[in-house]
Amino acid sequence: MCSSPAPFLMSTMCPISETSLVACSVLTSLPGTPASASGTPSICVGQMSTVPPQRPRLWRRVSPPRRSCDKCGKLINAIELKKPQCKVCRSCPVVRSSRHLFLDLPKLEDRLEEWLEKTVPGSDWTPNARFIIRSWLRDGLKPRCITRDLKWGTPVPLEGFEDKVFYVWFDATFGYISITANYTDQWERWWKNPEQVNLYQFMAKDNVPFHGLVFPCSALGAEDNYTLVSHLIATEYLNYEDGKFSKSRGVGVFGDMAQDTGIPADIWRFYLLYIRPEGQDSAFSWTDMLLKNNSELLNNLGNFINRAGMFVSKFFGGYVPEMVLTSDDQRLLAHVTLELQHYHQLLEKVRIRDALRSILTISRYGNQYIQVNEPWKRIKGNEADRQRAGTVTGLAVNIAALLSTMLQPYMPTVSSTIATQLQLPPPACSILPMDFLCILPAGHQIGTVSPLFQKLENDQIENLRQRFGGGQLEESPMLKAKVSPKPAVVERAGPQQIQVLMDEVTKQGNIVRELKAQKADKNQIAAEVAKLLDLKKQLALAEGKPLETPKGKKKK
């Protein structure tokens, strides 16, 4: 921070209530920040009205600051409420005057505009982030209060403000710098090196003003060559079923609860990234989570990787066979390479959700390739057929190895498990090429192959829905199915997802027919029939059709 007196100091009066004075900060400070007024160049002094800080919580349903209505989104100021009372002691809060520090944003507006004009064009700022910042500038920046009357938080190091703490979103953004400085004394290589550092920041859209406006203005006012955000990536909102997450009302699953659900962390990572609200709001749905786990992970990704590894173990003694590529194989390589390059491009543009779909597309290619070439049949044929079975198996297990590396940012535990099962060499686990190459040569020995994913059951998911449903429990489609004589109808899935399930049903039906034609073991046939029935049930759910209750055989 600069050591000269600040030109951004002023006084103002601003009536405001306790409920818009919330702070929840950790102890952070900007490295080199002097504990005096002369070291805070873009701070002004003013007064605002506030209730006494000893009131811990004001209202039953509107306790956080400027809470919004869950239905219409309208902001609610506590000062506008009639006959408010403390939730703890039932006494009425009193509005009082209090002296506070303000960030004089109007004096920094021109600098901010100049920086934005240089930074945003050609960057990966998301459209919603650009729109939000422009809307603030269009209306003209106003001085912003950066202190609060609270018992805890980061103390204000300025005479006359000893009883104040910094507002969380002024304080927390500087915490990024403090955390780095706490980690290394070379923190300036990141935070005072804008020519060589690209700073990416990720957040929900409601935090855009703090990271795209307040923090840059503070750093620009310091006039000390701080690194400013290069790419501001903002998502839309993630809702819960048909409503909103609410910890106070017990609606939704939160981080400290997810570990108790019995669902592995990688499954949570996969589903939340699969529905990441990029471009528009999305909703967490228990039914959809079950569907995505059982179709995309179990039947698509997991099925392909497991089959590829099992063929190597069962037909070739655990060693990757020789591969003699045909024109069909070359076409597969081209398709995989094209999707791999698309994956790279999407991640470069921070389109995380869409890049995940590229992984699933490649595994779908692999499943189709195995199904068309039928190595389990060819291995029983003549020399040419056995060679073809070896090529298909070798190419499939190499695609599985590629998927292991592609999955690493999304599902690190699953990625590591695949790498262990296939005994991947270390470079293959850390380097992702632009073009698909077979990294497992003929003769490479793999490890023990086992299933990667477990099926989620309807009863299991319905129990979790009830546990985390709060007041929305009555809206559960699965619950309605249990208490109503009418069949439950769920929302239709997208055309692509329905087509995937139709293909899976067809493929599984072929497997059942083949086993019956070969007069295979009854238990094996029964297991495959059960899979087929489950896929048909998933397809019915995806199409929004009622689930039919199996009928018993009629007695003659």
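The values are calculated or read from the model by the stated rules, or taken from the named source; none is laboratory data. All values reported here derive from a predicted model rather than from experimental measurement. Reconstructed Cβ throughout: ideal geometry from the backbone, glycine too, with neighbour counts over all protein chains shown.
Taking the numbered list (1) under 30 Å from GLN387 (Cβ atoms); (2) under 15 Å from the mean Cα position of the chain (by Cα) in turn, PHE311 passes all entries but (2). Among the residues of the stretch 331-352, those that are part of a helix (DSSP H, G or I) and either of a type in the set (D, E, K, R) or closer than 20 Å to LEU272 by Cβ (or both) comprise ARG331, GLU339, TYR343, LEU346, LEU347, GLU348, ILE352.
Residues GLY122, GLY153: which one is touching a strand residue (DSSP E or B) at 6+ places or on another chain (Cβ under 6 Å), over 18 Å from LEU213 (Cβ atoms) and of a type outside the set (A, V, I, L, M, F, W, C)? Criteria check complete, one pass: GLY153.
Of all the listed residues (ARG130, ARG111), the sole one being more than 24 Å from LYS349 (Cα to Cα) and either surrounded by fewer than 19 Cβ atoms within 10 Å (Cβ to Cβ) or under 31 Å from the mean Cα position of the chain (by Cα) (or both) is ARG111. For the stretch 325-347, indicate whether the set of residues that are of a type in the set (Lys, Arg), over 26 Å from PRO127 (Cβ atoms), free of Cβ contacts under 8 Å to residues at least 60 places away in the same chain and surrounded by 20 or more Cβ atoms within 10 Å (Cβ to Cβ) is non-empty. Scanning the stretch 325-347, I find no residue that is of a type in the set (Lys, Arg), over 26 Å from PRO127 (Cβ atoms), free of Cβ contacts under 8 Å to residues at least 60 places away in the same chain and surrounded by 20 or more Cβ atoms within 10 Å (Cβ to Cβ), so the answer is no.
Summed over the stretch 432-476, residues that are at pLDDT 85 or above and either over 23 Å from the mean Cα position of the chain (by Cα) or not in a loop (DSSP other than H, G, I, E, B) (or both) total 30.
Residue-wise test of (1) at positive phi; (2) within 33 Å of the chain's Cα centre (by Cα); (3) modelled with pLDDT under 95; (4) in a helix (DSSP H, G or I).
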{"site": "MET323", "(1), (2), (3), (4)": "no, no, no, no"}
{"site": "ASP329", "(1), (2), (3), (4)": "no, no, no, yes"}
{"site": "ASP354", "(1), (2), (3), (4)": "no, yes, no, yes"}
{"site": "ILE359", "(1), (2), (3), (4)": "no, yes, no, yes"}
{"site": "TYR369", "(1), (2), (3), (4)": "no, yes, no, yes"}
{"site": "ARG386", "(1), (2), (3), (4)": "no, no, no, yes"}
{"site": "ALA389", "(1), (2), (3), (4)": "no, no, no, yes"}
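Would you please list the contacts, defined by Cβ atoms under 6 Å and residues six or more apart or on different chains, that run from a residue in the stretch 183-194 that is in the same structural domain as ALA219 (by TED's automatic domain parsing) to a residue that is aliphatic (A, V, I, L, M) and not in a loop (DSSP other than H, G, I, E, B)? From the stretch 183-194, the pairs are TRP187/ALA181; TRP191/ILE177. Against the test of being touching a residue at least 12 places away in the same chain (Cβ under 8 Å) and closer than 30 Å to GLU457 by Cβ, the options ILE263, ILE233 yield a single qualifying residue, ILE263.
Counting only helices (runs of 4 or more DSSP H) that sit wholly inside the stretch 103-222, those with at least 3 residues that are within 24 Å of GLN280 (Cα to Cα) and of a type outside the set (Val, Ile, Thr) are 127-138.
The set of residues in the stretch 381-408 that are free of Cβ contacts under 8 Å to residues at least 24 places away in the same chain and over 20 Å from TYR365 (Cα atoms) comprises GLY381, ASN382, GLU383, ALA384, ASP385, ARG386. Of the residues making up the stretch 299-355, those that are of a type in the set (D, E, K, R) and more than 30 Å from ALA234 (Cα to Cα) are ARG307, LYS314, GLU322, ASP328, ASP329, ARG331.
Could you look through the stretch 400-413, keep only residues that are within 17 Å of the chain's Cα centre (by Cα) and either among the aromatic types (Phe, Trp, Tyr) or assigned to a helix (DSSP H, G or I) (or both), and pick out the one that is farthest from ARG351 (Cα to Cα)? Top of the filtered list is THR413.
Scanning the stretch 433-454 for residues that are closer than 30 Å to ASP534 by Cα and surrounded by 15 or more Cβ atoms within 10 Å (Cβ to Cβ) gives VAL449, LEU452, PHE453, GLN454.
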